[in-house]
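Remarks on the structure that follows.
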Amino acid sequence: MSPTDSDDPMGFDQNVDYLGRAVRAVVPQWVARRGIAVTVSTDRTRYAVGDEIRISVEFENRFPFPVSVETPRRRLWGWEVDGELEASDESYYVRDRPNAFHFRARERKRVRATWDGRFERTDRSSRRVPAEPGEHTIAAYLATEDGRPRDETTVTLR
C-alpha cells in the first residue's frame, strides 16, 4: 500500500477503512459540505488590547457515514479576524493542488490557534500593529470554493 492510499496523512493509520473509503467516494460534494458543521469559540468574550486570544475550532461530520470534503488548494481550513486570514494582510502562497478533508462517521476534529491581538501589515515592511479597541469578528471555515462551511464569533477588546 502506498502512503497516498491511507486516510492518515502521517501514515500511522494501521486500520484501513475500506468501506468508509468506498462510501466517501460516492457522496456528492454538495452533500459532504452540508454535513460538516464548523464551530469557533474563544476562552472569553472580553480582552485587553494585546492579550492573547485562544481560538478553538471544531469540525463535525453530522452524518452517520464517512465523507470527504474536497478543497481546491492544499489548505483544508482557515481562521480569520475581521476578514483577514490569520489576522494578516500578507498574501499567502498555497499550492494549487487539490486536497481533501476526510471524516469518519460522526467524527469531530478539534484544532486550536492563538491570535496575539495584533494585525500583520506588509505595506512597506512587515510590522505588527495592535488591534483597535472594540468588537472584532473571528471566523473559521473549511477552505472550499462554494458553500463554505463556517462559523464566527465576536470578541471585544478594551
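You will find that of GLY134, GLY147, GLY83, the residue that is on the phi > 0 side of the Ramachandran plot, surrounded by fewer than 19 Cβ atoms within 10 Å (Cβ to Cβ) and at pLDDT below 90 is GLY147 and no other.
Exactly one residue out of ARG33, ARG75 is at pLDDT 75 or above and touching a Pro at 6+ places or on another chain (Cβ under 7 Å), and it is ARG33. Just so you know, in region 92-110 the residues that are among the charged types (D, E, K, R) and more than 20 Å from GLY35 (Cα to Cα) include one that is modelled with the highest pLDDT, and it is ARG97.
Consider region 102-158 and keep the residues that are assigned to a loop (DSSP other than H, G, I, E, B) and among the hydrophobic types (A, V, I, L, M, F, W, C). The one that is farthest from GLY50 (Cα to Cα) is ALA105. Name the residue that is farthest from TRP77 (Cα to Cα), counting only residues in region 96-131 that are in contact with a Phe, Trp or Tyr (Cβ under 9 Å, 6 or more places away or on another chain) and loosely packed, with under 11 Cβ neighbours inside 10 Å. It comes out as VAL129.
Of all positions in region 89-98, none carries a residue that is out of contact with any Cys (no Cβ under 6 Å at 6 or more places or on another chain), outside any loop (DSSP other than H, G, I, E, B), small (Gly, Ala, Ser) and within 30 Å of GLU70 (Cα to Cα).
The values are calculated or read from the model by the stated rules, or taken from the named source; none is laboratory data. Only a predicted model underlies this, so the values are computations on that prediction, with no experimental measurement involved. No Cβ is skipped: glycine too gets one built from the backbone with ideal geometry, and neighbour counts run over all protein chains shown.
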